[in-house]
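Comments concern the structure below.
The values are calculated or read from the model by the stated rules, or taken from the named source; none is laboratory data. Keep in mind the model is a prediction, meaning the values are calculated, not measured. Because the Cβ atoms are built from the backbone with ideal geometry, glycine has one as well, and the counts that use them run over all protein chains shown. Accessible surface areas use protein heavy atoms only, side chains included; no ligands, DNA or RNA. Shrake-Rupley method; radii C 1.70, N 1.55, O 1.52, S 1.80 Å.
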Amino acid sequence: MAKKKTVVDFMRMKKEGEQVTWITAYDYPTASFAEQAGIDMILVGDSLGMVVLGYSSTNPVTMDDCISHCKAVRRGAPNTWIVGDMPFMSYQISDEDAVANAGRFIKEAEVDCVKLEGGVRVASRIKAIADAGILVMGHIGLTPQSSGQLGGFKAQGRDVKNARLLIKDALAVQEAGAYALLVEAVPPEVTKFIQKKLDIPVYSIGAGPADGQLIICGDMLGLFQAFTPKFVKKYANIAEITINAFKQYAEEVRNGEFPTDQHVYHILEPIEEFEKMFKEFE
Ligand code: KIV
């Protein structure tokens, strides 16, 4: 089994140009599969609201939802770097709230770091969390928790004015003390500039090449059916496999093909003895 990575490994990987592999997971089996596959990092994203809990946005997700799913992921992947995603309203109100909630991720769910969305406007939150001794990652570009303000799940930094703001956000995140930055749905030219400009690792989801890539497991496995972002590559179609398995099971139950003799427990004494006992109840 590979040794669990630390922040020192991630800094070295950036320096040496070694790519970090990163996926989301929300449950024990997926986390265990990721660890077995040698994935470097797992994000227990608040995307769990849409991928697993069936909400139409990430905003209804609570701290308790996140903690519970992070615990399951930690049990499934004890040797993998886990990022706990701070849900909507767990850090927006005050620095104190941000530190207390980041602390819950570390104490209760044993994640390695937390992630929160925003740049300049959350710099004081990042600083407060980092000052409490907690590793914190920034997330800029398409930030789903503020997708209302962005006009939907839209790519960011496509014009010079917006790209300049993103670069300022990236610098603010680093300056505030984040150990890494995630950039989402941004043109590769802008991501590349940010990656070169920052000393901390810069990871990408839908933002072209960077120090590593994140993908949402529900998207890449074909589990999430509501929509597929342009930047997703589907590596499997688990929805189709699952629906077909359910259909076949239902058909076999209905026509008596399942269960067969192979799927039952056999009696340990002669049937005559059982028949005698059944008679006692007649
Ligand atoms: O919640 C999540 O999975 C995320 C990604 C969209 C980056 O924050």
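If you check E108, E18 for being without any contact (Cβ under 8 Å) to a residue 24 or more places away in the chain and out of contact with any Leu (no Cβ under 9 Å at 6 or more places or on another chain), only one passes: E18.
Looking across V190, V186, one residue alone is open to solvent by less than 50 Å² (accessible area, probe 1.4 Å) and within 16 Å of the ligand (Cβ to nearest atom). It is V186. Of the helices (runs of 4 or more DSSP H) contained entirely in the stretch 193-282, those carrying at least 1 residues that are among the hydroxyl-bearing types (S, T, Y) and not assigned by TED's automatic domain parsing to the domain that holds M13 fall at 238-254. Within the stretch 83-111, the set of residues being within 16 Å of the ligand (Cβ to nearest atom) and outside any helix (DSSP H, G or I) comprises V83, G84, D85, M86, P87, F88, M89, S90, Y91, Q92, V111.
Residues in the stretch 1-59 that are aromatic (F, W, Y) and more than 14 Å from the ligand (Cβ to nearest atom): F10, Y28, F33.
Before we move on, is L142 within 15 Å of the ligand (Cβ to nearest atom), aliphatic (A, V, I, L, M) and either outside the structural domain of G222 (by TED's automatic domain parsing) or more than 25 Å from A170 (Cβ to Cβ) (or both)? No: the conditions fail for L142.
Please work out if Q149 is in contact (Cβ under 8 Å) with a residue 24 or more places away in the chain, in a helix (DSSP H, G or I) and over 15 Å from I67 (Cβ atoms). No: the conditions fail for Q149.
Among the residues making up the stretch 63-76, a single one is within 14 Å of the ligand (Cβ to nearest atom) and either of a type in the set (V, I, T) or more than 22 Å from R104 (Cα to Cα) (or both): V73.
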